[in-house]
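Notes follow once the structure below has been shown.
Throughout, read-outs are computed from the coordinates displayed, never taken from laboratory work. Quantities reported herein were computed from a predicted structural model and do not represent experimental measurements. All Cβ positions, even for glycine, are placed from backbone atoms using ideal geometry, and neighbour counts span all protein chains on display.
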Amino acid sequence: MSRTALLLLADGRFPAGGHAHSGGMEAAVASGRVHDTASLEAFCRGRLHTAGLVAAGLAAAAAGGHDTLALDEAADTRTPSPALRGIARRLGRQMMRAARATWPCAGLDHLARHRPQGAHQPVVLGVAARAAGLTARDAAQAAAYESVGGPATAAVRLLSLDPFDATAVLARLADDLDTVAGTAADAAGRAVTEGVAALPSASAPLLDITAEQHAAWTVRLFAS
């Protein structure tokens, strides 16, 4: 059952709103930093080991039963860009709606009650994973994959890349995905005794800067 739940949670068709976001890819394409398969792979690898690692750590901690309100505050401190904080909460609201319909539980109700404006998406994902019977490592895997799967899909639309090439990029990142998920799950385990400071806090300043620029565009294909 849990394997099926993991596939469902990581599926791009899960109605959590991710399809409308490029994870910084639209701005990267516009600047010329991503223009082919090789640069797509470099972008995804960098995003995975920074924003992806942070998201995976938060999701793993939430799936492990850590205080979700404290995790939401920790997510805020790890997200210096106001634009990205707003996006994370917007996606959290959408994830919350889908998760409560799919795996209703007291943990999701508690988070929704105390964060009516929306909790950060990785925290909601972690609580949903716990409700679905998944482990902290599973939640980290889902968050890590989402951090690169969305940008890769967006690159196909933005650059008219061959979707087979984009999928091959994700396949080549498989070992990195496992490493990031393992690191995040280990940190979440330490957070039980050490607090949220034990969770990853890697930064990606260029993603923060371009997110603010992208938010000011008057015409764009993706919301982020």
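Once amide H atoms are built 1.01 Å from N in the peptide plane, which residues 5 or more positions from Arg115, or in another chain, come under 5 Å H to H?
So Arg115 has HN proximity to no qualifying residue.
When the chain is treated as a GNM, springs tying every alpha-carbon pair under 10 Å, which of Arg137, Arg115, Arg89 comes out with the largest mean-square fluctuation?
With Cα springs under 10 Å in the chain, the top fluctuation among Arg137, Arg115, Arg89 is at Arg115.
Apply the Karplus parameterisation 6.51 cos²θ - 1.76 cosθ + 1.60, with θ equal to phi minus 60°, to every residue of segment 150-159 and state each ³J(HN,Hα) to the nearest whole Hz, in sequence, with x for glycine and proline.
Once θ is set to phi - 60°, the couplings for segment 150-159 become x, x, 5, 5, 5, 5, 4, 6, 6, 10 Hz.
Which residue fluctuates the most in the chain, going by a Gaussian network model with Cα springs under 10 Å, if the choices are Leu40, Leu159, Leu125?
Looking only at Leu40, Leu159, Leu125, the largest GNM fluctuation is found for Leu159.
Quote to one decimal, in nm, the extra length available between Asp109 and Arg85 on full extension: 0.36 nm per residue of separation minus the C-alpha distance between them.
Answer, rounded to one decimal: 6.5 nm.
Which of Gly149, Gly57, Gly189 ends up with the largest GNM mean-square fluctuation for the chain, with Cα atoms connected below 10 Å?
The residue with the greatest mean-square fluctuation here is Gly189.
Determine ³J(HN,Hα), in whole Hz, for all residues of segment 212-224 in sequence, where each value follows from phi through the Karplus function 6.51 cos²θ - 1.76 cosθ + 1.60 and θ = phi - 60°; x replaces Gly and Pro.
Along segment 212-224, the couplings run 5, 5, 4, 4, 8, 5, 8, 10, 7, 8, 10, 6, 8 Hz.
Note the full-extension length gain between Thr4 and Asp165 as 0.36 nm times their separation in residues minus their Cα-Cα distance, in nm to one decimal. Spell out each step's value before the answer.
Numbers: separation 161, 0.36 × 161 = 57.96 nm, distance 2.64 nm.
Residue separation times 0.36 nm, minus the Cα-Cα distance, leaves 55.3 nm.
For the chain, with the dipole built from +1 on Lys and Arg beta-carbon atoms and -1 on Asp and Glu ones, taken about the Cα centre, which of Met25, Leu108, His49 lies farthest toward the positive end?
Value computed over the given set: Leu108.
Got a sec to turn the phi values of segment 58-75 into Karplus ³J(HN,Hα) couplings, 6.51 cos²θ - 1.76 cosθ + 1.60 with θ = phi - 60°, whole Hz, x for Gly and Pro?
Using θ = phi - 60°, the values come out as 5, 5, 5, 5, 5, 5, x, x, 5, 4, 5, 5, 5, 5, 5, 5, 5, 5 Hz.
Using Cα pairs under 8 angstrom and six or more residues apart, how large is the relative contact order of the chain, in percent?
Values: 367 pairs, mean separation 82.5, N = 224.
With pairs under 8 Å counted, the relative contact order is 37 percent.
Report the gain in length on full extension from Ala223 to Leu206: 0.36 nm times residue separation, minus Cα-Cα distance, nm rounded to one decimal. Don't skip to the answer; put the middle values down first.
Values: separation 17, 0.36 × 17 = 6.12 nm, distance 1.76 nm.
So the extension gain works out to 4.4 nm.
With n ≥ 4 as the cut-off for DSSP H runs, can you work out [θ] at 222 nm for the chain, using -39500 (n - 2.57) per run divided by the number of residues, rounded to the nearest 500?
Calculated at 222 nm, the ellipticity per residue is -22000 deg cm²/dmol.
How much FRET efficiency would the formula 1/(1 + (r/R0)^6) give for Arg45 and Gln213, where r is the Cβ-Cβ distance and R0 is 22 Å, rounded to 0.05?
Computed FRET efficiency for Arg45 and Gln213 comes out at 0.50.
What is the dipole size for the chain, taken about its Cα centre, with +1 at each Lys and Arg Cβ and -1 at each Asp and Glu Cβ, in debye to the nearest 20?
620 debye
For the peptides 139-148, 17-26, what is the packing order when you average, over each peptide's residues, the other Cβ atoms within 10 Å and list the highest mean first?
Averaged packing, sorted descending, gives the order 139-148, 17-26.
How many nm separate the modelled label positions at Asp36 and Glu194, each set 7 Å beyond the Cα in the direction of the Cβ?
4.2 nm
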